[in-house]
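In what follows, a structure is listed as C-alpha coordinates, so that the remarks can point back to it.
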Amino acid sequence: MKVCMIGGGYVGLVSAACFSDFGWSVTCVEKDTEKLAMLLDGQIPIFEPGLDDLVARNRAAGRIVFTGEMGPAVSEADLVFLAVGTPMRRGSGHADLTYVYAAVAELAPHLTGYTVITTKSTVPVGTSREIERRLRMLRPDGDFSVCSNPEFLREGSAIGDFTHPDRVIVGVGEDDARARDVMSRVYKPLALRNAPVIFTTRESAELAKYAANAFLAMKISFINEMADLCEAVGADVQQVATAIGSDRRIGDKFLHAGPGYGGSCFPKDVSALVRTAREARRPLSLVEQVQTVNEERKQAMVSKIVEAAGGEVRDRVIAVLGVTFKPNTDDMREAPSLTIVPRLMDKGASVRLHDPQGRRQAEPLFEGARWFDSAMEMIDGADILVLLTEWNEYRALDLKAVKGLMRGDRLVDLRNVFQPDDAMRAGFVYEGVGRGD
Ligand code: UGA
(Lines give C-alpha, C1' and ligand atoms only; values in the text may rest on other atoms or scores of the structure.)
Protein backbone atom coordinates (compact mmCIF):
# COMPACT_ATOMS: atom_id res chain seq x y z
CA MET A 1 0.00 0.00 0.00
CA LYS A 2 1.30 3.44 -0.88
CA VAL A 3 0.76 6.13 1.71
CA CYS A 4 1.42 9.86 1.38
CA MET A 5 1.66 11.80 4.64
CA ILE A 6 1.33 15.54 4.16
CA GLY A 7 3.07 17.21 7.11
CA GLY A 8 6.12 16.04 9.03
CA GLY A 9 5.15 17.56 12.38
CA TYR A 10 4.36 15.62 15.51
CA VAL A 11 1.37 13.66 14.29
CA GLY A 12 2.57 13.40 10.67
CA LEU A 13 6.06 12.19 11.42
CA VAL A 14 5.05 9.67 14.08
CA SER A 15 2.20 8.31 11.94
CA ALA A 16 4.41 8.15 8.85
CA ALA A 17 7.12 6.28 10.74
CA CYS A 18 4.64 3.83 12.27
CA PHE A 19 2.85 3.15 8.96
CA SER A 20 6.22 2.47 7.33
CA ASP A 21 6.98 0.07 10.16
CA PHE A 22 3.75 -1.79 9.29
CA GLY A 23 5.42 -2.41 5.93
CA TRP A 24 3.64 0.28 3.89
CA SER A 25 5.57 2.44 1.50
CA VAL A 26 5.34 5.96 2.92
CA THR A 27 6.28 9.34 1.47
CA CYS A 28 6.24 12.13 4.01
CA VAL A 29 5.88 15.61 2.49
CA GLU A 30 7.34 18.45 4.53
CA LYS A 31 7.25 22.02 3.20
CA ASP A 32 9.40 23.65 5.86
CA THR A 33 12.83 23.61 4.23
CA GLU A 34 14.70 23.60 7.53
CA LYS A 35 12.73 20.65 8.89
CA LEU A 36 13.02 18.82 5.58
CA ALA A 37 16.80 19.32 5.50
CA MET A 38 17.03 17.80 8.99
CA LEU A 39 14.87 14.83 8.03
CA LEU A 40 16.89 14.22 4.87
CA ASP A 41 20.01 14.37 6.98
CA GLY A 42 18.65 11.66 9.29
CA GLN A 43 17.83 14.04 12.13
CA ILE A 44 14.47 14.24 13.90
CA PRO A 45 13.23 17.84 14.40
CA ILE A 46 11.25 16.95 17.55
CA PHE A 47 12.13 15.12 20.73
CA GLU A 48 10.10 11.92 20.92
CA PRO A 49 11.50 8.79 22.58
CA GLY A 50 12.23 6.02 20.06
CA LEU A 51 11.33 8.03 16.95
CA ASP A 52 14.89 8.42 15.68
CA ASP A 53 15.48 4.66 15.68
CA LEU A 54 12.11 3.92 14.11
CA VAL A 55 12.69 6.40 11.27
CA ALA A 56 16.29 5.29 10.73
CA ARG A 57 15.31 1.62 10.55
CA ASN A 58 12.52 2.17 8.04
CA ARG A 59 14.55 4.61 5.99
CA ALA A 60 17.31 2.06 5.70
CA ALA A 61 14.72 -0.48 4.52
CA GLY A 62 13.48 2.05 1.92
CA ARG A 63 9.97 2.14 3.38
CA ILE A 64 9.90 5.84 4.28
CA VAL A 65 11.15 8.78 2.26
CA PHE A 66 10.96 12.53 2.84
CA THR A 67 10.35 15.13 0.19
CA GLY A 68 9.25 18.74 -0.24
CA GLU A 69 7.34 17.92 -3.41
CA MET A 70 3.74 16.91 -3.08
CA GLY A 71 2.99 16.05 -6.73
CA PRO A 72 4.66 12.67 -7.31
CA ALA A 73 3.86 11.47 -3.78
CA VAL A 74 0.14 12.18 -4.23
CA SER A 75 -0.17 10.73 -7.72
CA GLU A 76 1.37 7.42 -6.59
CA ALA A 77 -0.61 7.18 -3.34
CA ASP A 78 -3.58 4.97 -2.53
CA LEU A 79 -4.07 6.95 0.64
CA VAL A 80 -3.19 10.58 1.43
CA PHE A 81 -3.20 11.72 5.05
CA LEU A 82 -3.48 15.40 5.87
CA ALA A 83 -1.40 15.97 8.99
CA VAL A 84 -0.72 19.69 8.76
CA GLY A 85 -1.11 22.09 11.66
CA THR A 86 -4.50 23.45 12.75
CA PRO A 87 -3.42 26.14 15.21
CA MET A 88 -5.76 28.31 17.24
CA ARG A 89 -6.79 31.42 15.34
CA ARG A 90 -5.89 34.50 17.33
CA GLY A 91 -8.85 36.20 18.91
CA SER A 92 -11.58 33.79 17.84
CA GLY A 93 -10.40 30.54 19.46
CA HIS A 94 -11.35 28.74 16.23
CA ALA A 95 -9.15 26.16 14.52
CA ASP A 96 -7.24 27.76 11.67
CA LEU A 97 -7.70 25.59 8.58
CA THR A 98 -5.49 27.61 6.25
CA TYR A 99 -2.86 24.87 6.01
CA VAL A 100 -5.44 22.14 5.50
CA TYR A 101 -7.16 23.89 2.59
CA ALA A 102 -3.85 25.00 1.07
CA ALA A 103 -2.72 21.36 1.05
CA VAL A 104 -6.04 20.27 -0.48
CA ALA A 105 -5.71 22.83 -3.29
CA GLU A 106 -2.13 21.76 -3.92
CA LEU A 107 -2.78 18.04 -3.98
CA ALA A 108 -5.93 18.18 -6.16
CA PRO A 109 -4.25 18.34 -9.59
CA HIS A 110 -2.09 15.32 -8.73
CA LEU A 111 -4.82 12.84 -7.77
CA THR A 112 -4.40 9.82 -10.03
CA GLY A 113 -6.57 6.68 -9.87
CA TYR A 114 -8.80 5.99 -6.89
CA THR A 115 -7.39 7.78 -3.85
CA VAL A 116 -8.59 8.17 -0.29
CA ILE A 117 -7.80 11.53 1.29
CA THR A 118 -8.15 11.56 5.05
CA THR A 119 -7.67 14.15 7.75
CA LYS A 120 -5.38 13.15 10.57
CA SER A 121 -5.04 16.66 11.94
CA THR A 122 -7.68 17.65 14.46
CA VAL A 123 -10.30 19.46 12.39
CA PRO A 124 -13.71 20.90 13.31
CA VAL A 125 -16.89 19.05 12.45
CA GLY A 126 -17.76 19.47 8.79
CA THR A 127 -14.19 19.83 7.53
CA SER A 128 -14.09 16.49 5.68
CA ARG A 129 -17.32 17.40 3.90
CA GLU A 130 -15.87 20.80 2.98
CA ILE A 131 -12.65 19.18 1.72
CA GLU A 132 -14.75 16.89 -0.44
CA ARG A 133 -16.74 19.84 -1.80
CA ARG A 134 -13.55 21.70 -2.70
CA LEU A 135 -11.97 18.66 -4.31
CA ARG A 136 -15.11 17.98 -6.41
CA MET A 137 -14.92 21.54 -7.70
CA LEU A 138 -11.22 21.31 -8.45
CA ARG A 139 -11.39 17.78 -9.87
CA PRO A 140 -14.89 17.02 -11.20
CA ASP A 141 -13.28 14.07 -12.98
CA GLY A 142 -11.50 12.78 -9.86
CA ASP A 143 -12.03 9.35 -8.34
CA PHE A 144 -11.58 9.81 -4.62
CA SER A 145 -13.13 9.60 -1.15
CA VAL A 146 -12.60 11.84 1.84
CA CYS A 147 -12.40 10.33 5.34
CA SER A 148 -11.71 11.50 8.87
CA ASN A 149 -9.18 9.58 10.95
CA PRO A 150 -8.32 11.56 14.08
CA GLU A 151 -5.16 10.68 15.97
CA PHE A 152 -5.12 10.15 19.73
CA LEU A 153 -1.39 9.81 20.42
CA ARG A 154 0.29 11.66 23.26
CA GLU A 155 3.61 13.41 23.03
CA GLY A 156 6.27 11.49 24.90
CA SER A 157 4.58 8.12 24.35
CA ALA A 158 3.54 8.68 20.75
CA ILE A 159 4.89 5.47 19.22
CA GLY A 160 3.36 3.22 21.86
CA ASP A 161 0.06 5.09 21.58
CA PHE A 162 0.04 4.71 17.81
CA THR A 163 0.98 1.04 17.76
CA HIS A 164 -1.14 0.00 20.76
CA PRO A 165 -4.17 2.27 20.60
CA ASP A 166 -7.30 1.79 22.70
CA ARG A 167 -9.14 2.25 19.40
CA VAL A 168 -8.79 3.65 15.91
CA ILE A 169 -11.61 5.92 14.75
CA VAL A 170 -12.37 6.15 11.05
CA GLY A 171 -15.14 8.37 9.73
CA VAL A 172 -16.27 7.47 6.21
CA GLY A 173 -18.93 8.86 3.91
CA GLU A 174 -22.31 7.15 3.71
CA ASP A 175 -22.16 3.76 1.97
CA ASP A 176 -18.56 4.39 0.92
CA ALA A 177 -17.44 0.79 0.88
CA ARG A 178 -14.29 1.48 -1.14
CA ALA A 179 -12.99 4.02 1.38
CA ARG A 180 -13.85 1.70 4.24
CA ASP A 181 -11.90 -1.07 2.56
CA VAL A 182 -8.78 1.10 2.06
CA MET A 183 -8.90 2.33 5.67
CA SER A 184 -9.39 -1.23 6.97
CA ARG A 185 -6.38 -2.35 4.98
CA VAL A 186 -4.04 0.37 6.23
CA TYR A 187 -4.94 -0.45 9.84
CA LYS A 188 -5.00 -4.23 9.38
CA PRO A 189 -1.71 -4.68 11.30
CA LEU A 190 -3.35 -3.04 14.32
CA ALA A 191 -6.63 -4.88 13.93
CA LEU A 192 -4.65 -8.14 13.95
CA ARG A 193 -3.29 -7.06 17.31
CA ASN A 194 -6.86 -6.67 18.56
CA ALA A 195 -7.06 -2.88 18.36
CA PRO A 196 -10.69 -2.07 17.62
CA VAL A 197 -11.14 -0.08 14.40
CA ILE A 198 -14.39 1.79 14.85
CA PHE A 199 -16.15 3.10 11.75
CA THR A 200 -18.37 6.13 12.18
CA THR A 201 -19.71 8.97 10.08
CA ARG A 202 -17.15 11.63 9.29
CA GLU A 203 -18.89 14.16 11.54
CA SER A 204 -18.87 11.75 14.48
CA ALA A 205 -15.19 11.01 14.01
CA GLU A 206 -14.35 14.71 13.87
CA LEU A 207 -16.39 15.49 16.95
CA ALA A 208 -15.15 12.43 18.86
CA LYS A 209 -11.62 13.80 18.77
CA TYR A 210 -12.66 17.09 20.37
CA ALA A 211 -15.00 15.37 22.81
CA ALA A 212 -12.20 13.03 23.95
CA ASN A 213 -9.75 15.86 24.58
CA ALA A 214 -12.40 18.00 26.29
CA PHE A 215 -13.38 15.09 28.53
CA LEU A 216 -9.78 14.45 29.54
CA ALA A 217 -9.25 18.17 30.18
CA MET A 218 -12.39 18.11 32.30
CA LYS A 219 -11.05 15.19 34.34
CA ILE A 220 -7.87 17.15 35.03
CA SER A 221 -9.75 20.32 36.00
CA PHE A 222 -12.04 18.25 38.20
CA ILE A 223 -9.18 16.71 40.15
CA ASN A 224 -7.41 20.07 40.36
CA GLU A 225 -10.45 21.65 42.00
CA MET A 226 -10.76 18.61 44.23
CA ALA A 227 -7.11 19.15 45.22
CA ASP A 228 -7.94 22.65 46.43
CA LEU A 229 -10.80 21.26 48.45
CA CYS A 230 -8.52 18.56 49.88
CA GLU A 231 -6.15 21.24 51.11
CA ALA A 232 -9.01 23.11 52.76
CA VAL A 233 -10.55 20.10 54.52
CA GLY A 234 -7.47 18.04 55.31
CA ALA A 235 -7.85 15.25 52.73
CA ASP A 236 -5.23 13.89 50.34
CA VAL A 237 -6.06 14.24 46.63
CA GLN A 238 -3.96 11.23 45.65
CA GLN A 239 -5.90 9.02 48.00
CA VAL A 240 -9.14 10.47 46.68
CA ALA A 241 -7.98 9.92 43.07
CA THR A 242 -7.04 6.30 43.78
CA ALA A 243 -10.32 5.74 45.57
CA ILE A 244 -12.49 7.11 42.76
CA GLY A 245 -10.24 5.91 39.94
CA SER A 246 -10.58 2.28 40.93
CA ASP A 247 -14.22 2.51 39.93
CA ARG A 248 -13.94 1.38 36.31
CA ARG A 249 -16.72 3.74 35.29
CA ILE A 250 -14.43 6.60 36.30
CA GLY A 251 -11.01 5.11 35.48
CA ASP A 252 -7.72 5.99 37.16
CA LYS A 253 -6.10 7.88 34.28
CA PHE A 254 -5.86 11.67 34.07
CA LEU A 255 -6.56 12.17 37.73
CA HIS A 256 -3.18 13.64 38.67
CA ALA A 257 -3.59 17.04 40.22
CA GLY A 258 -1.05 19.59 39.08
CA PRO A 259 -0.50 23.13 37.82
CA GLY A 260 -3.14 22.86 35.07
CA TYR A 261 -3.04 21.23 31.65
CA GLY A 262 -1.00 22.64 28.79
CA GLY A 263 0.35 21.41 25.48
CA SER A 264 -0.50 21.86 21.85
CA CYS A 265 -3.82 20.04 22.06
CA PHE A 266 -6.01 20.42 25.12
CA PRO A 267 -6.10 24.25 25.28
CA LYS A 268 -6.54 24.58 21.50
CA ASP A 269 -9.12 21.82 21.13
CA VAL A 270 -11.19 22.83 24.15
CA SER A 271 -11.29 26.35 22.79
CA ALA A 272 -12.27 25.23 19.28
CA LEU A 273 -15.00 22.95 20.67
CA VAL A 274 -16.42 25.84 22.68
CA ARG A 275 -16.57 27.90 19.48
CA THR A 276 -18.22 25.13 17.47
CA ALA A 277 -20.85 24.64 20.16
CA ARG A 278 -21.60 28.34 20.43
CA GLU A 279 -21.99 28.60 16.69
CA ALA A 280 -24.34 25.63 16.70
CA ARG A 281 -26.29 27.45 19.45
CA ARG A 282 -25.65 24.60 21.84
CA PRO A 283 -23.10 26.12 24.23
CA LEU A 284 -21.19 23.61 26.33
CA SER A 285 -21.25 25.34 29.68
CA LEU A 286 -19.34 22.53 31.40
CA VAL A 287 -16.50 22.69 28.87
CA GLU A 288 -16.40 26.50 29.04
CA GLN A 289 -15.96 26.22 32.79
CA VAL A 290 -13.07 23.78 32.28
CA GLN A 291 -11.26 26.51 30.35
CA THR A 292 -11.79 29.02 33.14
CA VAL A 293 -10.72 26.61 35.87
CA ASN A 294 -7.52 25.82 33.98
CA GLU A 295 -6.62 29.47 33.41
CA GLU A 296 -7.22 30.31 37.06
CA ARG A 297 -5.24 27.29 38.11
CA LYS A 298 -1.99 28.61 36.66
CA GLN A 299 -2.43 31.92 38.48
CA ALA A 300 -3.27 30.12 41.70
CA MET A 301 0.03 28.23 41.49
CA VAL A 302 1.87 31.56 41.64
CA SER A 303 0.05 32.42 44.87
CA LYS A 304 0.84 28.96 46.22
CA ILE A 305 4.55 29.49 45.65
CA VAL A 306 4.49 32.97 47.14
CA GLU A 307 2.62 31.72 50.20
CA ALA A 308 5.01 28.81 50.63
CA ALA A 309 7.84 31.35 50.55
CA GLY A 310 6.24 33.18 53.48
CA GLY A 311 4.27 35.76 51.49
CA GLU A 312 7.17 37.42 49.64
CA VAL A 313 9.47 36.30 46.85
CA ARG A 314 11.26 39.58 46.17
CA ASP A 315 15.02 38.96 45.91
CA ARG A 316 14.53 35.29 46.72
CA VAL A 317 16.21 32.71 44.52
CA ILE A 318 13.64 30.30 43.11
CA ALA A 319 14.98 27.19 41.37
CA VAL A 320 12.48 25.60 38.98
CA LEU A 321 12.71 21.94 38.00
CA GLY A 322 11.18 21.44 34.55
CA VAL A 323 9.45 23.92 32.26
CA THR A 324 8.01 21.82 29.40
CA PHE A 325 4.23 21.21 29.51
CA LYS A 326 4.91 17.61 30.53
CA PRO A 327 7.91 15.26 30.68
CA ASN A 328 9.51 13.46 27.72
CA THR A 329 8.96 16.32 25.32
CA ASP A 330 10.71 19.56 24.50
CA ASP A 331 7.35 21.15 23.69
CA MET A 332 6.66 24.45 25.42
CA ARG A 333 3.26 25.18 23.90
CA GLU A 334 0.82 26.45 26.55
CA ALA A 335 3.09 25.15 29.30
CA PRO A 336 1.96 26.33 32.77
CA SER A 337 5.55 27.56 33.27
CA LEU A 338 4.86 30.28 30.68
CA THR A 339 2.38 31.85 33.10
CA ILE A 340 4.04 30.96 36.39
CA VAL A 341 7.70 31.89 35.79
CA PRO A 342 7.16 35.44 34.44
CA ARG A 343 4.75 36.21 37.32
CA LEU A 344 7.39 35.17 39.83
CA MET A 345 9.93 37.40 38.10
CA ASP A 346 7.42 40.28 38.08
CA LYS A 347 7.21 39.86 41.83
CA GLY A 348 10.94 40.40 42.06
CA ALA A 349 12.12 36.79 42.39
CA SER A 350 15.38 35.72 40.84
CA VAL A 351 14.38 32.64 38.86
CA ARG A 352 16.67 29.79 37.83
CA LEU A 353 15.56 27.18 35.34
CA HIS A 354 16.48 23.63 34.44
CA ASP A 355 14.85 21.23 32.00
CA PRO A 356 16.28 17.95 30.69
CA GLN A 357 15.16 18.58 27.09
CA GLY A 358 13.35 21.91 26.88
CA ARG A 359 16.15 24.43 27.15
CA ARG A 360 16.62 25.07 23.43
CA GLN A 361 12.89 25.77 22.90
CA ALA A 362 12.34 27.50 26.23
CA GLU A 363 15.34 29.77 26.65
CA PRO A 364 14.03 32.58 24.39
CA LEU A 365 10.66 32.48 26.20
CA PHE A 366 11.91 33.43 29.66
CA GLU A 367 13.79 36.66 29.46
CA GLY A 368 15.71 37.41 32.64
CA ALA A 369 15.77 33.85 33.99
CA ARG A 370 19.07 32.00 34.47
CA TRP A 371 19.53 28.60 32.87
CA PHE A 372 21.51 25.67 34.21
CA ASP A 373 22.50 22.43 32.49
CA SER A 374 22.62 20.57 35.76
CA ALA A 375 19.74 20.47 38.25
CA MET A 376 22.13 20.26 41.22
CA GLU A 377 24.08 23.31 40.07
CA MET A 378 20.83 25.23 39.75
CA ILE A 379 19.74 24.21 43.23
CA ASP A 380 23.02 25.34 44.82
CA GLY A 381 22.22 28.42 46.92
CA ALA A 382 18.48 28.55 46.09
CA ASP A 383 15.90 29.70 48.65
CA ILE A 384 12.88 27.92 47.19
CA LEU A 385 12.73 24.81 45.05
CA VAL A 386 9.70 24.41 42.76
CA LEU A 387 8.99 21.23 40.80
CA LEU A 388 6.90 22.13 37.77
CA THR A 389 7.37 19.20 35.36
CA GLU A 390 7.69 15.62 36.57
CA TRP A 391 10.73 14.43 34.61
CA ASN A 392 11.95 11.05 35.86
CA GLU A 393 15.42 12.37 36.65
CA TYR A 394 13.88 14.64 39.30
CA ARG A 395 12.20 11.71 41.01
CA ALA A 396 15.65 10.26 41.59
CA LEU A 397 17.00 13.39 43.34
CA ASP A 398 18.55 12.75 46.73
CA LEU A 399 16.52 15.22 48.80
CA LYS A 400 19.06 15.31 51.64
CA ALA A 401 21.81 16.31 49.21
CA VAL A 402 19.46 18.81 47.57
CA LYS A 403 18.58 20.40 50.89
CA GLY A 404 22.25 20.51 51.81
CA LEU A 405 22.98 22.66 48.75
CA MET A 406 20.14 25.11 49.30
CA ARG A 407 20.14 28.34 51.25
CA GLY A 408 16.42 27.99 52.07
CA ASP A 409 14.19 25.09 53.04
CA ARG A 410 11.01 25.43 50.94
CA LEU A 411 10.00 22.74 48.48
CA VAL A 412 6.90 23.37 46.36
CA ASP A 413 6.06 20.18 44.51
CA LEU A 414 3.38 21.04 41.94
CA ARG A 415 3.21 17.44 40.64
CA ASN A 416 3.26 15.53 43.93
CA VAL A 417 6.40 13.70 42.90
CA PHE A 418 8.04 13.55 46.31
CA GLN A 419 6.79 11.89 49.47
CA PRO A 420 6.02 14.61 52.05
CA ASP A 421 7.64 12.47 54.80
CA ASP A 422 10.88 12.07 52.80
CA ALA A 423 10.97 15.79 52.10
CA MET A 424 10.40 16.65 55.75
CA ARG A 425 13.03 14.17 56.90
CA ALA A 426 15.48 15.86 54.52
CA GLY A 427 14.75 19.14 56.30
CA PHE A 428 12.30 20.70 53.87
CA VAL A 429 9.12 22.59 54.56
CA TYR A 430 7.07 20.74 51.95
CA GLU A 431 4.10 21.98 49.98
CA GLY A 432 2.45 19.66 47.47
CA VAL A 433 -0.84 19.87 45.61
CA GLY A 434 -4.00 18.76 47.37
CA ARG A 435 -2.14 17.18 50.25
CA GLY A 436 -4.02 18.46 53.26
CA ASP A 437 -2.51 17.89 56.68
C1 UGA B 1 -3.32 14.89 24.42
C2 UGA B 1 -4.17 13.61 24.55
O3 UGA B 1 -3.83 12.90 25.73
C4 UGA B 1 -3.93 12.70 23.35
O5 UGA B 1 -4.80 11.57 23.42
C6 UGA B 1 -4.26 13.49 22.06
O7 UGA B 1 -4.01 12.71 20.90
C8 UGA B 1 -3.38 14.73 22.01
O9 UGA B 1 -3.63 15.53 23.18
C10 UGA B 1 -3.74 15.47 20.75
O11 UGA B 1 -4.89 15.93 20.64
O12 UGA B 1 -2.94 15.47 19.81
P13 UGA B 1 -0.73 15.51 24.88
O14 UGA B 1 -1.15 16.94 24.66
O15 UGA B 1 0.48 15.00 24.19
O16 UGA B 1 -1.94 14.51 24.45
O17 UGA B 1 -0.48 15.35 26.42
P18 UGA B 1 -1.18 14.66 27.68
O19 UGA B 1 -0.33 13.57 28.17
O20 UGA B 1 -2.59 14.35 27.41
O21 UGA B 1 -1.09 15.86 28.73
C22 UGA B 1 -1.75 17.10 28.51
C23 UGA B 1 -1.62 17.99 29.71
O24 UGA B 1 -2.40 17.51 30.79
C25 UGA B 1 -0.20 18.10 30.27
O26 UGA B 1 0.06 19.46 30.59
C27 UGA B 1 -0.21 17.24 31.50
O28 UGA B 1 0.72 17.63 32.47
C29 UGA B 1 -1.63 17.45 31.97
N30 UGA B 1 -2.13 16.35 32.82
C31 UGA B 1 -2.35 15.12 32.29
C32 UGA B 1 -2.40 16.59 34.15
O33 UGA B 1 -2.22 17.72 34.68
N34 UGA B 1 -2.90 15.56 34.91
C35 UGA B 1 -3.13 14.33 34.40
O36 UGA B 1 -3.60 13.45 35.16
C37 UGA B 1 -2.85 14.11 33.06
Among residues of segment 337-375 being buried (at least 22 other Cβ atoms within 10 Å of the Cβ) and assigned to a loop (DSSP other than H, G, I, E, B), the residue modelled with the lowest pLDDT is Gly358
Would you call Arg59 over 12 Å from Cys4 (Cα atoms) and free of Cβ contacts under 8 Å to residues at least 12 places away in the same chain? no
Of the listed residues (Arg248, Arg333), the one being among the charged types (D, E, K, R), surrounded by fewer than 23 Cβ atoms within 10 Å (Cβ to Cβ) and within 15 Å of the ligand (Cβ to nearest atom) is Arg333
Could you please let me know if Arg90 is under 24 Å from Pro72 (Cβ atoms) and either without any contact (Cβ under 8 Å) to a residue 12 or more places away in the chain or surrounded by 22 or more Cβ atoms within 10 Å (Cβ to Cβ) (or both)?
no
In the set Ser285, Ser271, the lone residue that is under 22 Å from Gly126 (Cβ atoms) and in the same structural domain as Lys326 (by TED's automatic domain parsing) is Ser271
>> Looking for something surrounded by fewer than 18 Cβ atoms within 10 Å (Cβ to Cβ), modelled with pLDDT of 95 or more and more than 18 Å from the chain's Cα centre (by Cα) - is there at least one such residue anywhere in segment 252-270?
In response: yes
Of the residues in segment 291-321, those that are outside any helix (DSSP H, G or I) and on the phi < 0 side of the Ramachandran plot number 10
Of all strands (runs of 3 or more DSSP E) fully inside segment 121-223, the set with 3 or more residues that are in contact with a strand residue (DSSP E or B) (Cβ under 7 Å, 6 or more places away or on another chain), surrounded by fewer than 19 Cβ atoms within 10 Å (Cβ to Cβ) and in contact (Cβ under 8 Å) with a residue 12 or more places away in the chain is 197-200
Residue pairs within 6 Å by beta carbon, gap of at least six or interchain, first lying in segment 245-270 and under 20 Å from Gln299 (Cα atoms), second within 6 Å of the ligand (Cβ to nearest atom), listed first then second, are Tyr261/Ile220; Gly262/Phe325; Gly263/Phe325; Phe266/Asn213
Filter segment 7-37 for residues that are of a type in the set (Ser, Thr, Tyr) and more than 15 Å from Phe162 (Cβ to Cβ); the one that is surrounded by the fewest Cβ atoms within 10 Å (Cβ to Cβ) is Thr33
Scanning segment 232-245 for residues that are in a helix (DSSP H, G or I) and touching a helix residue (DSSP H, G or I) at 6+ places or on another chain (Cβ under 8 Å), the one surrounded by the most Cβ atoms within 10 Å (Cβ to Cβ) turns out to be Val237
In segment 140-157, anything among the hydrophobic types (A, V, I, L, M, F, W, C) and farther than 16 Å from Ser15 by Cβ is listed as Phe144, Val146
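The values are calculated or read from the model by the stated rules, or taken from the named source; none is laboratory data. Everything quoted here is computed from the prediction, not taken from an experiment. Cβ atoms come from the backbone with ideal geometry, glycine included; neighbour counts cover every protein chain shown.
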